[in-house]
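Participant: Once you've had a glance at the structure underneath, I'll fire off some questions.
The values are calculated or read from the model by the stated rules, or taken from the named source; none is laboratory data. The model shown is predicted, which means the values in this text are computed figures rather than measured ones. Cβ placement follows ideal geometry from the backbone for every residue including glycine, while neighbour counts extend to all protein chains displayed.
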Amino acid sequence: MFTNLAHDLDVSTRLMVGIISLLATVLVGVQTFYNFHKRAEANRSIASQFGHIRRKIDILKEFPPAEASHLEVKLQELNDLIGRVSCDAPAIEVRPRRLPIS
């Protein structure tokens, strides 16, 4: 590509094309290094599972069991399911806040 540019375009245009190519290469490297695709897929999966739990809760609110013991069993099942999904969820890094300097 650059050999074709050597004869047809001026120096500033060739330099701009070179810089854009280099920038694109660096950005692809960063994307590959941080695995953004895998992270997004993991978060999508966990969000889907939590959506399933939310629907179960909505059904339980609309059609509660007649006996308190059955409700307790259903709530324990939901709690266990939430615990399993939370353990599978990817960790979120929390950066400490910087206090403003007065």
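Participant: Looking at His37, is it modelled with pLDDT under 95 and part of a helix (DSSP H, G or I)?
Facilitator: So His37 passes the test.
Let's see how each residue does on (1) at pLDDT 85 or above; (2) surrounded by 12 or more Cβ atoms within 10 Å (Cβ to Cβ); (3) of a type outside the set (Gly, Ala, Ser); (4) part of a helix (DSSP H, G or I):
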{"position": "Leu22", "(1), (2), (3), (4)": "yes, no, yes, yes"}
{"position": "Val26", "(1), (2), (3), (4)": "yes, no, yes, yes"}
{"position": "Gln49", "(1), (2), (3), (4)": "yes, yes, yes, yes"}
{"position": "Gln76", "(1), (2), (3), (4)": "yes, no, yes, yes"}
{"position": "Ile82", "(1), (2), (3), (4)": "yes, yes, yes, yes"}
{"position": "Arg98", "(1), (2), (3), (4)": "no, no, yes, no"}
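Participant: Does Arg44 meet the test of being out of contact with any strand residue (DSSP E or B) (no Cβ under 8 Å at 6 or more places or on another chain) and at pLDDT 95 or above?
Facilitator: no
Participant: I would also like to ask the following. Identify the residue in region 77-102 that is among the charged types (D, E, K, R) and within 27 Å of Lys38 (Cα to Cα) and, among all such residues, is farthest from the chain's Cα centre (by Cα).
Facilitator: Of everything passing the filter in region 77-102, Asp80 is farthest from the chain's Cα centre (by Cα).
Participant: To continue, here is another question. Taking the residues in region 4-20 that are surrounded by 11 or more Cβ atoms within 10 Å (Cβ to Cβ) and not aliphatic (A, V, I, L, M) as candidates, determine which candidate is modelled with the lowest pLDDT.
Facilitator: Filtering first and then ranking leaves Arg14.
Participant: Further question on the same structure: Give me the pairs, please: first residue somewhere in region 49-64 and more than 18 Å from Val85 (Cα to Cα), second residue anywhere and surrounded by 11 or more Cβ atoms within 10 Å (Cβ to Cβ) and of a type in the set (A, V, I, L, M, F, W, C), beta-carbon distance under 9 Å, and either six or more positions apart or on two chains.
Facilitator: Leu60/Leu71; Leu60/Leu75; Leu60/Leu78; Pro64/Leu71
Participant: List, please: which pairs have Cβ atoms under 7 Å, are six or more places apart or on different chains, and start with a residue in region 73-95 that is touching a residue at least 40 places away in the same chain (Cβ under 8 Å) and end with one that is exposed (fewer than 12 other Cβ atoms within 10 Å of the Cβ)?
Facilitator: Close Cβ pairs (under 7 Å, with a partner that is exposed (fewer than 12 other Cβ atoms within 10 Å of the Cβ)) amount to Pro90/Arg39.
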